[in-house]
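What follows is a single structure, written as structure tokens, with notes after it.
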Amino acid sequence: MRLICPIPTCRQPLAKRERTFVCANNHTYDVARSGYINLLQPQDRRSKNPGDTRDAIAARRRFLDAGHAEPLVRAIVEALPLSSDDALLDVGCGEGHHLAAFKRAYGVDAQGVDISAIAIDLAARRHRDCTWIVANADRFIPYEDHAFRAVTSITARLNPPEFRRVLAPGGTLLVAIAGADDLVELRGMERDRVERTIEMFASHFELVRHFNVRHVAHLDADAVRDVMSSSYRRGHENAEAMDVTLSRDVLLFRK
Ligand SMILES: C[S@@+](CC[C@H](N)C(=O)[O-])C[C@H]1O[C@@H](n2cnc3c(N)ncnc32)[C@H](O)[C@@H]1O
Ligand SMILES: [Zn+2]
């Protein structure tokens, strides 16, 4: 699995040298203490800590750790059967819950990319058997062409040309988006994003499967607060225990 130097005028393969990665033009990238590699370029960051806030990341980890979303996670992992010879990339992987579930299920070569060093550091500390990269996936996914049998984007960034470039011929892309009724009890209205998302990928991929998975979770006030902040919602101060619908539309595309 070859990483590529993210500097636009360079794009040479990176080779590991002790605690750094270096390209033929001598651009070097450190391996962090927790084991992740930071390939974020200065022009890729609009703030000191781009991507999700520390609070949103911590809330998402607590919510996922508590198992509230497990029926959705299981359905997503089962929808993309892989073998231990396959390489999988999770784009916008956050603190690593989904990629780690794929690793456990199939023993794949598991690589995760997120723009947030905070999220990637948490992922790297917990899941040593996966590779974790900080990068801006909206610009460039720092891997060689055709590197992956599968790419996933789970309520995360969508970059059709880059997803296509890093997928091997015949490779599969799994896109999971919030279903129309996701968190409807908190949002008060439904919003369907399926058509828009299919449209976005139409010129790069063929849609092979679409299904919805939903689950009503019984949440205490803390869990309601966590699901609100992890989905960027305000007003968590007044959270009360309630039943909340969790829903994903899962789209499988073939290159
Ligand atoms: C809603 S979270 C989903 C995280 C994870 N996939 C999950 O389901 O738990 C979206 C993630 O996208 C990341 N993100 C935002 N902009 C990004 C970019 N340009 N490149 C890569 N990741 C990005 C955020 O830091 C955040 O971790
Ligand atoms: Zn370089």
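Every number in this text was worked out from the coordinates using simple rules, so none of it is lab data. Keep in mind that what you see is a predicted model, and the values were worked out from it rather than measured. Glycine also receives a Cβ, built like all others from the backbone with ideal geometry; neighbour counts cover every protein chain displayed.
Of (1) surrounded by fewer than 18 Cβ atoms within 10 Å (Cβ to Cβ); (2) part of a helix (DSSP H, G or I); (3) in contact with a helix residue (DSSP H, G or I) (Cβ under 7 Å, 6 or more places away or on another chain), residue 196 satisfies all except one. Which?
(3)
Here's a check for you: in the range 3-53, which residue that is closer than 21 Å to residue 126 by Cβ and among the β-branched types (Val, Ile, Thr) is farthest from ligand 1 (Cβ to nearest atom)?
The residue in question is 31.
For the structure I just gave you, tell me whether residue 33 is out of contact with any strand residue (DSSP E or B) (no Cβ under 9 Å at 6 or more places or on another chain), within 17 Å of residue 139 (Cβ to Cβ) and charged (D, E, K, R).
no
What are the residues in the range 67-76 that are out of contact with any Lys or Arg (no Cβ under 8 Å at 6 or more places or on another chain), part of a helix (DSSP H, G or I) and surrounded by 19 or more Cβ atoms within 10 Å (Cβ to Cβ), if any?
Hit for the range 67-76 is 73, nothing else.
Determine if the range 54-66 includes at least one residue that is outside any strand (DSSP E or B), within 12 Å of ligand 1 (Cβ to nearest atom) and out of contact with any helix residue (DSSP H, G or I) (no Cβ under 9 Å at 6 or more places or on another chain).
No, the conditions are met nowhere in the range 54-66.
Whether any residue in the range 45-52 is crowded, with 20+ Cβ neighbours inside 10 Å and either hydrophobic (A, V, I, L, M, F, W, C) or in contact with a helix residue (DSSP H, G or I) (Cβ under 8 Å, 6 or more places away or on another chain) (or both) is what I want to check.
Yes, the range 45-52 contains at least one residue that is crowded, with 20+ Cβ neighbours inside 10 Å and either hydrophobic (A, V, I, L, M, F, W, C) or in contact with a helix residue (DSSP H, G or I) (Cβ under 8 Å, 6 or more places away or on another chain) (or both).
Do any residues in the range 68-81 that are farther than 18 Å from residue 93 by Cβ have Cβ atoms under 9 Å from those of residues that are assigned to a helix (DSSP H, G or I), where the two are at least six apart or on different chains, and which pairs are they?
68/223; 68/226; 68/227; 78/105; 81/105; 81/106
Keeping to the range 199-255, report how many residues are in a helix (DSSP H, G or I) and of a type in the set (Lys, Arg).
1
With the requirement that a residue be out of contact with any helix residue (DSSP H, G or I) (no Cβ under 7 Å at 6 or more places or on another chain) and among the aromatic types (Phe, Trp, Tyr), what does the range 209-244 give you?
211, the sole residue that qualifies.
Specify which of the listed residues (187, 157, 233) is surrounded by fewer than 20 Cβ atoms within 10 Å (Cβ to Cβ), over 20 Å from residue 108 (Cβ atoms), touching a strand residue (DSSP E or B) at 6+ places or on another chain (Cβ under 8 Å) and among the charged types (D, E, K, R).
So the residue among 187, 157, 233 that is surrounded by fewer than 20 Cβ atoms within 10 Å (Cβ to Cβ), over 20 Å from residue 108 (Cβ atoms), touching a strand residue (DSSP E or B) at 6+ places or on another chain (Cβ under 8 Å) and among the charged types (D, E, K, R) is 157.
Can you name every residue in the range 16-40 that is within 11 Å of ligand 2 (Cβ to nearest atom) and farther than 19 Å from residue 118 by Cβ?
21, 22, 23, 24, 25, 26, 27, 28
Of the residues 79, 87, 110, 100, which single one is away from ligand 2 (no atom under 14 Å from the Cβ), surrounded by 14 or more Cβ atoms within 10 Å (Cβ to Cβ) and farther than 20 Å from residue 143 by Cα?
On inspection, the qualifying residue turns out to be 79.
Spot the failing condition for residue 75; the list is (1) touching a helix residue (DSSP H, G or I) at 6+ places or on another chain (Cβ under 9 Å); (2) within 30 Å of residue 243 (Cβ to Cβ), and only one is missed.
The failed condition is (1).
What's the number of the condition residue 141 fails, among (1) of a type in the set (A, V, I, L, M); (2) surrounded by fewer than 17 Cβ atoms within 10 Å (Cβ to Cβ); (3) within 16 Å of ligand 2 (Cβ to nearest atom)?
Condition not satisfied by residue 141: (2).
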